[in-house]
Amino acid sequence: MTKRKEKEPLFYIQQPTFQFPTIKMQETYSSKRAEPLEKAQMNKLIETNTKQVVEEEKEAGTKLQKEAIEEKLNENDSFQHEKVQDKLEAFETDRRKKEENTASAFRTERKPSFQRVKSFKEMSIMERLQYLMEFPKQLPPVPCLFIANGNTFKGFLNDQLNEYIEIKLLNGKIMNILLTELEDVKMVGFRR
């Protein structure tokens, strides 16, 4: 067996030294669970302030000082209560605005992308004839019943002129009917 000779690499690829950027992650967040926490924090703040005032009262000892401390306590309580109320109102208004913004995005009225077309039965005779004349040429013509003077003719609308319409009957004959004599046009379709 032959000994393998170690070869040096054919390409020397110099790799640059990278400086990775510092990543800043989310530091604060808010949620609906934060509401009770804020209320609890406000209550704790009020309690600590009242405790401080009570301690000051104990230290003072005199009646005048007690009255002054009580007035201060009442002022602090009302001031803290106003602060809490203001913060709660601000929080509620922000929450309502957010709800309205998200709800309004879902409440947008849907407008139909197409206009509703009358059904053939709802159209007048002239509208029916116009519809049959503008029927797409890519589709086969639709057989119809043309009722005039009590007679019924089954065929295809070939042409519409000023005074009469031209109908190609199913047997291949062409017939002209005056528009004034035409009583009704009904779409039939093919039957098997």
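The values are calculated or read from the model by the stated rules, or taken from the named source; none is laboratory data. Only a predicted model underlies this, so the values are computations on that prediction, with no experimental measurement involved. Methodologically, a virtual Cβ is constructed for each residue, glycine included, from the backbone with ideal geometry; neighbour enumeration extends over all protein chains shown. Remember, those area values only see protein heavy atoms, side chains included, never the ligands or the DNA or RNA. Shrake-Rupley method; radii C 1.70, N 1.55, O 1.52, S 1.80 Å.
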Note to self: I want to confirm something. Restricting to the range 56-83 and keeping residues that are loosely packed, with under 11 Cβ neighbours inside 10 Å and within 59 Å of the chain's Cα centre (by Cα), which single residue is modelled with the highest pLDDT?
What the structure shows: Glu82
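Which residue out of Lys137, Lys121, Lys111 is modelled with pLDDT of 80 or more, outside any helix (DSSP H, G or I) and of a type outside the set (S, T, N, Q)?
After applying the criteria, what remains is Lys137.
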Checklist line | Qualifying residues in the range 182-192 (those that are assigned to a loop (DSSP other than H, G, I, E, B) and within 20 Å of Phe120 (Cα to Cα)) - the one most open to solvent (accessible area, probe 1.4 Å) | finding: Arg191
Checklist line | Any chance Thr152 is surrounded by 10 or more Cβ atoms within 10 Å (Cβ to Cβ) and either of a type outside the set (Gly, Ala, Ser) or part of a loop (DSSP other than H, G, I, E, B) (or both) | finding: yes
Note to self: Take the residues in the range 155-171 that are surrounded by fewer than 16 Cβ atoms within 10 Å (Cβ to Cβ) and touching a Gly at 6+ places or on another chain (Cβ under 8 Å); name whichever of them is farthest from Glu183 (Cα to Cα).
What the structure shows: Leu170
